[in-house]
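Working notes, structure below.
The values are calculated or read from the model by the stated rules, or taken from the named source; none is laboratory data. Please read these numbers as outputs of a predicted model, since none were measured by experiment. Cβ coordinates were reconstructed from backbone atoms using ideal geometry, including for glycine residues, and neighbour counts include every protein chain displayed.
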Amino acid sequence: MLDGILIGLATAFTLQNIAFVIMGCLVGTFIGMLPGLGPMSAIALMIPIAASLEPSAGIILMAAVYYGAIFGGSTSSILINAPGVASTVATSFDGYPMAKSGKAGKALAIAAYSSFSGGVIAALLLLVSAPYLASVSLSFQSTDYFALMVLGLSAVAAFAGKGEVLKALLMTVVGLMLSTVGTDQTVGVPRFTLGMLDLVDGISFLLLVMATFALSEALMAIIKKVDEGKRDEERRAASQLGSMAVTKEEVKEMVPVIGRSSVLGFLIGVLPGAGATIASFLAYGTEQRIAGPEKGKLFGKGSVRGLSAPETANNAAATGSFVPLLTLGIPGSGTTAIMLGALIGYGIQPGPRLYIDQPDVFWSVIISMWLGNIILLVLNLPLIPYIARVLAIPARFLLPLILFFSLIGVYFVSFNTFDIQLMVLFGLAATILRLLSFPMAPMILGFILGGMMEENLRRALLINNDSWSFLWNRPLTLAILLIAAACLFVPVLIPMFKKMRKDTKATSASAD
Amino acid sequence: MSLSKDRIGGILILLFCLIYAWQSQNIKLLPFQLNSAFHARTVPEVLAVLGVGLSLLVIVFPGTGEGVKWRELNWPLGLSFLVLMSAYGLAVRPAGFLLSTSLFLMVGFAMLGERNIARLLLVAVPLVVAFWALMNYGLSVFIDPLPSFLRS
């Protein structure tokens, strides 16, 4: 492991890569701060630039953009109560009341220290656990991989919100469907190309991500009328931050919260499909219970613990979500799905062999996480008053610019104008679906995993002489598939059982 | 049965799945694939069945009864932007990057309410030129800056 850490240090600590971490953190914070644009859009917007770099530099840049965007999202949650992403919603519960009472600078500092600590502790846990997990997963066969991908997709259902399970599953299937467009990998038969040469290579994942996130986000902002009064309030909040000093008592209060929330966030982040949002809410809820009745009452009114817990947990979970990506090659979240797509674009197959075949990529990503967190604390925090001015850019200039960067990002990779037209079409479809509250992240997960899943299934069948018996003959495959089935059916069945029990109680009560 | 958000979305995706199912039957199979357990149509067919089934479930058991407030949304403006983006896609090659992008941004700013022509020009043109220079000289991503009739 020590060799690996040294390789990682040597790769990450080059002048060029440090510059990319700084740039990534700044750009990520800038984009993440824009209401509506989250880490997924931020990474997607950086892919065209990352594609022109060597793999480790590109991945380091994207990872830095990721933390930067999470940090930026927290900033807009605290300052204007407009979380850029779901994972920073819990931050606004106590961050915004704190900002409203004139302590915006303090709230930002607490958020930054908590994010930093959560990120650093989780990166340490990743450093220790990833190589062991990777060495265990070396014994995995294509049947197990197929089962793991099924688990990854069904976990989407387990962690979907109330009433969202069916929609999340449906969107996953739509993503899988889109992944089948193009030439079939094994026999070279074109599928769903509608006779168009431009579709023979399939749909570019970058195009899909840009259209469904950045483009549709800007389009939604355009069709929902801009509230100028709210924009004025945002401008005011961005210009008055107050002191950023944190007292000794506040630090004492934060330390145990950070310890607990880091571990909790990391563990939740490792679970496929769970991610930073669930981690932040869970950490918030846990701390509220632990705080006791007196301190618990302060939650929602500007509590230091209430702000520190979700901030620590969401950053720790963001780091934790790299575990399944780096060790199994399976993305645990929408963001890591985009990272996986980028790695595949480089010709790198993430998975258990990554740390053996490409140790520089594996270790430099982990080391860059520490570096990224340090940069966020040392550089971004003092710069926040200046970066926050992005909130003051009028929407009439900002929105066309986002549209332009999305379109040109895709065009600069393929130089095919057909992609722009396809993007417009997907942008329209995604905007309509988002207005109808259909989630987009499961679709991206399905799209990324679709091709790999089909390939592993085909290989498994080939090894087993076209027999499906591998599904139940290999204990590991069977166990993973059973967990996947539980993930799929438990969220659907529990409400049904609850309803049935309620109905039975109501009937027996009326009979009495 | 009211048309809630979930039901409208379910119906739209059901239509998509039905078209997908119909198109999956147009995938040509090679002779040796006809009797194999897994071929190019297997996954699309399974997905089509899953997609149709799930979208029917969403339509029958919607998670929310909430409707969409279509009237509160500025659809003409949204559609105009879609047309603008499509036109940009058609123009970027023949008109060159600098001209087409500057026009795209200026029209976009104007559509969202900016009326000051000097400001339109001062924001769009320097930004486009700087971006082109950064891509061309900084990252070695070349794109034709000038319209086709001015290229040598």
Open item on the list: Can you pull out every residue in the stretch B:9-32 that is part of a helix (DSSP H, G or I) and modelled with pLDDT under 90?
Closed with: B:PRO31, B:PHE32
Task: Pairs where the first residue, in the stretch A:407-434, is facing chain B (nearest Cβ under 8 Å) and the second is outside any helix (DSSP H, G or I) and buried (at least 21 other Cβ atoms within 10 Å of the Cβ), C-beta under 6 Å, 6+ apart - done: none
Open item on the list: Residues that are in contact (Cβ under 8 Å) with a residue 60 or more places away in the chain and closer than 30 Å to A:ARG353 by Cα: list the helices (runs of 4 or more DSSP H) wholly contained in the stretch A:242-333 that include at least 3 such residues.
Closed with: A:248-270, A:275-290, A:304-320, A:322-328
Open item on the list: Here is a list: A:ILE402, A:ILE408, A:ILE387. Which entry is assigned to a helix (DSSP H, G or I) and within 12 Å of A:THR29 (Cα to Cα)?
Closed with: A:ILE387
Open item on the list: Is it the case, given these coordinates, that B:VAL68 is facing chain A (nearest Cβ under 7 Å) and either free of Cβ contacts under 8 Å to residues at least 24 places away in the same chain or surrounded by fewer than 18 Cβ atoms within 10 Å (Cβ to Cβ) (or both)?
Closed with: yes
Task: Count of the stretch A:47-65 residues which are within 9 Å of another protein chain (Cβ to nearest Cβ) and buried (at least 21 other Cβ atoms within 10 Å of the Cβ) - done: 2
Task: Odd one out for A:SER135 among (1) of a type in the set (S, T, N, Q); (2) outside any helix (DSSP H, G or I); (3) more than 12 Å from chain B (Cβ to nearest Cβ) - done: (2)
Open item on the list: The conditions are (1) more than 8 Å from chain A (Cβ to nearest Cβ); (2) farther than 30 Å from A:LEU403 by Cα, and B:GLY51 fails exactly one of them. Which is it?
Closed with: (1)
Open item on the list: Against the conditions (1) assigned to a loop (DSSP other than H, G, I, E, B); (2) within 9 Å of chain A (Cβ to nearest Cβ); (3) under 28 Å from A:ASP466 (Cβ atoms); (4) not β-branched (Val, Ile, Thr), where does B:ASN35 fall short? Just the number, please.
Closed with: (2)
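Residue by residue, here is whether (1) touching a Lys or Arg at 6+ places or on another chain (Cβ under 7 Å); (2) modelled with pLDDT of 95 or more; (3) surrounded by fewer than 18 Cβ atoms within 10 Å (Cβ to Cβ) holds:
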| site | (1), (2), (3) |
| --- | --- |
| B:TRP75 | no, no, yes |
| B:GLY96 | no, no, no |
| B:PHE104 | no, yes, no |
| B:LEU112 | yes, no, no |
| B:ALA118 | no, no, yes |
| B:VAL123 | no, no, no |
| B:LEU127 | no, no, yes |
Open item on the list: Between a residue in the stretch A:437-453 that is within 14 Å of A:MET339 (Cβ to Cβ) and any residue that is in a loop (DSSP other than H, G, I, E, B), which pairs come within a Cβ distance under 7 Å, given they are 6 or more apart or on different chains?
Closed with: A:LEU445/A:PRO331; A:ILE448/A:PRO331
Open item on the list: Restricting to the stretch B:100-152, name every residue that is away from every other protein chain (no Cβ under 13 Å) and not in a helix (DSSP H, G or I).
Closed with: B:PRO145, B:LEU146, B:PRO147, B:ARG151, B:SER152
- [ ] From the list A:LEU197, A:LEU208, pick out the single residue that is without any contact (Cβ under 8 Å) to a residue 40 or more places away in the chain and more than 10 Å from chain B (Cβ to nearest Cβ).
- [x] A:LEU197
Task: Only listed residue being facing another protein chain (nearest Cβ under 7 Å) and touching a Ser or Thr at 6+ places or on another chain (Cβ under 9 Å), chosen from B:GLY63, B:GLY96 - done: B:GLY63
Open item on the list: Against the definition (within 12 Å of chain B (Cβ to nearest Cβ), within 30 Å of A:THR319 (Cα to Cα) and touching an Asp or Glu at 6+ places or on another chain (Cβ under 9 Å)), how does A:PRO439 come out, yes or no?
Closed with: yes
TODO: Return yes or no: is A:GLY341 small (Gly, Ala, Ser) and in contact with a Cys (Cβ under 9 Å, 6 or more places away or on another chain)?
DONE: no
- [ ] Run down A:ARG501, A:ARG474, A:ARG434, A:ARG459 and say which single residue is within 27 Å of the chain's Cα centre (by Cα) and of a type in the set (D, E, K, R).
- [x] A:ARG434
TODO: Considering every residue within the stretch B:75-83, establish whether at least one is in contact with a Pro (Cβ under 8 Å, 6 or more places away or on another chain) and more than 7 Å from chain A (Cβ to nearest Cβ).
DONE: no
